[in-house]
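Worksheet: one structure, shown below.
The values are calculated or read from the model by the stated rules, or taken from the named source; none is laboratory data. On a predicted model such as this, the values are computed, not experimentally measured, just so you know. Cβ sites come from the backbone with ideal geometry, for glycine too, and all protein chains shown count toward neighbours.
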Amino acid sequence: MSGAWWKRGVLYQIYPRSFQDSDGDGVGDLKGIERRLDALVDLGVDALWISPIYPSPMADFGYDVANYCAVDPRFGTLADFDALLAAAHARNLKVLLDFVPNHSSSQHPWFLESRASRESARRDWYIWRDPAPNGRPPNNWISDFGGSAWEWDEASGQYYLHAFLKEQPDLNWRNPAVRSAMYDVLRFWFARGVDGFRIDVLWHLIKAADLPDNPVNPRYRPEMGEAHRVLQAYSTDQPEVHGIAGEMRRIADSFGERVLIGEIYLPLGRLMHYYGRETAGVHLPFNFQLIDAPWSARGLARLIAEYEAALPEGAWPNWVLGNHDRPRVAARLGQAQARVAAMLLLTLRGTPTLYYGDELGLGHVDIPPDRVQDPRELREPGLGLGRDPVRTPMPWDTTANAGFTSGEPWLPLNADWAERNVETMARDAGSPLVLHRRLLELRRAHSALATGAIAIVESDGDVLAYARGTGDERLVVALNLGDTPQTFTLPHWARAARPLLSTLADPPPPAADRVALRPNEGMVLATPTAA
């Protein structure tokens, strides 16, 4: 199969605190991830992306980095990372890390030096400003976690900017010294053999030079969270960010076949700019549309077609159903449609990213008030913005604490862990885990699914249908997004197609020109030329 590995591969996101604990402290670690690599091989993914593992005070669980070129002792050591990387590569698994360039920890030596004095050599490494004439913050920018994005520093008589927690001061990417230092971080990890990075909040990196007030959001509602009181017109997505993305891309490409994935929550037209022209942007700006899209056949058909049409020439698509910040797919759609969603994710054109535990159908996990860890929930309780429910420990088996730890898990397990775990579901031919394995096996077996073209096929009712093809191989994917039976009429070129896989057990053979889809059923069919 031709093409870069990240085009034909499937990514798997690991939240390291919650994947596997090896030392009994209740927090997952690198040795734990290494112990479970064979499970990822059995699943059939091609790369693991590990959320931050750097030294951190953990104000935001690793997204407040105190040293970009080391490993937090909670997770292990650099030697442990090197061992994990070698073990993954021995299994033909790629390894991606999280790169957190917008902000550091307030405990990072850079910020401690910056804060020490207005005359500090690193003062301009962060964004400091005098108060407004009335003594208030320099502008109306709001932290993504609520409250002002400015923190007063009594000693120096200025405010510093933080797009997230006050413990996460924003770096000044207009300073060439900051760029140079952060690019050296990329080189450090690439030289160790890392295969790529997911770049945290890439669209935040550059702020408008004069820091004007953001416009007030006329559609704001309190349940949206305080950050949505204003529109981030000047605090994010500035034109200069694309030059930075291009510089990062050139560094990655200089190390061979590496990949950069940008976390970017923007409307489609603005998102596409992050591909850049040719090699001027990241390889994959994350496409989060499926997470928020209404679950309807016509709506998703439009979304897929519009996304494909918007891609710049030569750009490669990607799809995501969940991550460490957003509710799990089974919690949003229910168990039956989560299976259909898995077939959608793994048969669309482009690189898919699976979030750990979604292959088991993990749903919402209730977190008792005294077990809440997430600073976002602690700052704005009751709005449903807390991320703890999607970061709970991976259930592996039926032993104590689901085989995750011999100690007390840092967050509660899913209540149904005794049945919903890897060991039990691997023995159940009808489980979501086995469905994911079969989908990934099918993707490997058919180039049409991995790298082929896509075309929406006309359908009625709750059916979403599309064709995938390459060379003389053409497949049809038909998904019933509803809970009633549906009939799908095959296009003329696909008459007499045979089912390769259903999200349900034992699909009946379709008639010569029609497919009967049961409630909540998805099906992949091979046309006669693809048999």
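General observations
- Every listed requirement among (1) in a strand (DSSP E or B); (2) in the same structural domain as PRO317 (by TED's automatic domain parsing) is met by LEU435 save one, (1).
- MET425 being more than 24 Å from TYR466 (Cβ to Cβ) and not in a loop (DSSP other than H, G, I, E, B): yes
- A single member of PRO381, PRO412, PRO393 is at pLDDT below 95 and either assigned to a loop (DSSP other than H, G, I, E, B) or in contact with a helix residue (DSSP H, G or I) (Cβ under 9 Å, 6 or more places away or on another chain) (or both), and it is PRO381.
- Pairing each residue of the stretch 133-155 that is within 20 Å of GLU377 (Cα to Cα) and in contact (Cβ under 8 Å) with a residue 24 or more places away in the chain with any residue that is aromatic (Phe, Trp, Tyr) and assigned to a loop (DSSP other than H, G, I, E, B), provided the two are 6+ apart or on different chains, yields C-beta distances under 7 Å for SER143/PHE164; ASP144/PHE164; PHE145/PHE164; ALA149/TRP141.
- The set of residues in the stretch 441-455 being touching a residue at least 12 places away in the same chain (Cβ under 8 Å) and not in a strand (DSSP E or B) consists of GLU441, LEU442, ARG443, ARG444, HIS446, SER447, ALA448, LEU449, ALA450, THR451, GLY452.
- Selection of the stretch 317-342 for residues being of a type in the set (Gly, Ala, Ser), touching a residue at least 24 places away in the same chain (Cβ under 8 Å) and part of a loop (DSSP other than H, G, I, E, B) yields only GLY322.
- Note on the stretch 494-507: among residues that are touching a strand residue (DSSP E or B) at 6+ places or on another chain (Cβ under 7 Å) and surrounded by fewer than 18 Cβ atoms within 10 Å (Cβ to Cβ), the one that is nearest to ARG438 (Cα to Cα) is PRO499.
To keep it simple, each residue is scored yes or no on (1) over 24 Å from LEU433 (Cα atoms); (2) modelled with pLDDT under 95.
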| site | (1), (2) |
| --- | --- |
| ILE454 | yes, no |
| GLY471 | yes, yes |
| ALA478 | no, no |
| GLY482 | no, no |
| PRO485 | yes, no |
| ARG514 | yes, yes |
| PRO528 | yes, yes |
| ALA531 | yes, yes |
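- Identification of helices (runs of 4 or more DSSP H) wholly contained in the stretch 1-53 with 1 or more residues that are out of contact with any Phe, Trp or Tyr (no Cβ under 6 Å at 6 or more places or on another chain) and over 27 Å from ALA315 (Cα atoms) yields 30-35, 37-43.
- Elements of type helices (runs of 4 or more DSSP H) in the stretch 249-312, at least 1 residues being within 21 Å of GLY3 (Cβ to Cβ) and in the same structural domain as HIS324 (by TED's automatic domain parsing): 297-310
- Qualifying positions in the stretch 471-501 - touching a helix residue (DSSP H, G or I) at 6+ places or on another chain (Cβ under 9 Å) and small (Gly, Ala, Ser): GLY471, GLY482, ALA494, ALA496, ALA497
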